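What follows is a short report on a single structure.
Coordinate-derived values only; no laboratory data. Note that the structure is a prediction, hence the values are computed from the model and not measured. Every residue, glycine as well, gets a Cβ built from its backbone with ideal geometry; the counts of neighbours run over all protein chains shown.
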């Protein structure tokens with residue numbers, strides 16, 4: 001947990017918290033940018049088209065990150081009926097968040113190849129952890145369970161008749177997600193995939 005890390009190493013704890021806040025901020029801002037780009041100005045009207053962390057952090061989600069090691073950002077609200085293509089564009093808005101995390105991880109992995117950075121151990125490890133954090137966040141959000149982004153991505157990809165059946169599973173999503181988290185099953189899904197992607201990048 002970040003709180004225990006704060007106690008043992010305040011600088012490292014602060015650096016990790018800042019990394020998480022930055023990753024969540026860019027993730028949520030990407031959702032907002034994509035929604036506006038595809039025709040819905042709702043996120044812009046709600047002040048979400050910004051990189052200001054205060055606009056994207058959920059108070060309870062942030063507290064849980066500090067004390068429980070897992071939390072969430074403030075979901076970006078948008079009106080799918082304002083989009084040019086309801087099903088396709090809803091999937092694209094959902095996909096924008098995880099893709100932004102993978103882009104950040106890739107950009108940082110390129111930065112780590114610079115000799116000046118690789119020579120400074122603390123900075124190198126900090127950036128490497130930031131990249132891995134983004135990979136984990138991207139993979140986690142692509143799990144096809146409501147309310148995660150992957151659920152909406154799958155809904156947009158499926159043929160209409162299958163998408164309707166898929167929507168029927170929405171009401172069970174949160175319960176399934178909580179059970180997976182409590183049993184540790186999420187870690188067994190996310191971390192092997194994230195590690196494989198990290199190995200390719202690093």
Helix axis angle, 10-37 relative to the chain longest principal axis, alpha carbon, degrees: 30 degrees
Value of relative contact order over the chain, rounded to a whole percent, pairs C-alpha under 8 Å and six or more apart: 19 percent
Globularity ratio of region 37-106, using Cα Rg and 2.2 N^0.38 Å: 1.25
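Tell me, what is a quarter of the convex hull surface for the C-alpha atoms of region 139-202, in nm² with one decimal? Write down the numbers at each step before the final one.
On the way: hull surface 19.3 nm².
Its Cα hull, projected and averaged over all orientations, spans 4.8 nm².
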Fewest-first ranking of 196, 109, using other Cβ atoms within 10 Å as the exposure measure: 196, 109
Coarse-grained scattering of region 43-83 at q = 0.21, 0.33 Å⁻¹, given as base-10 log I(q)/I(0) from a Debye sum over alpha-carbon atoms: -0.70, -1.06
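Tell me, rounded to the nearest percent, the portion of alpha carbon pairs in the chain spaced more than 31 Å apart.
Working: 4172 of 20301 pairs.
Taking all Cα-Cα pairs of the chain, the fraction more than 31 Å apart is 21 percent.
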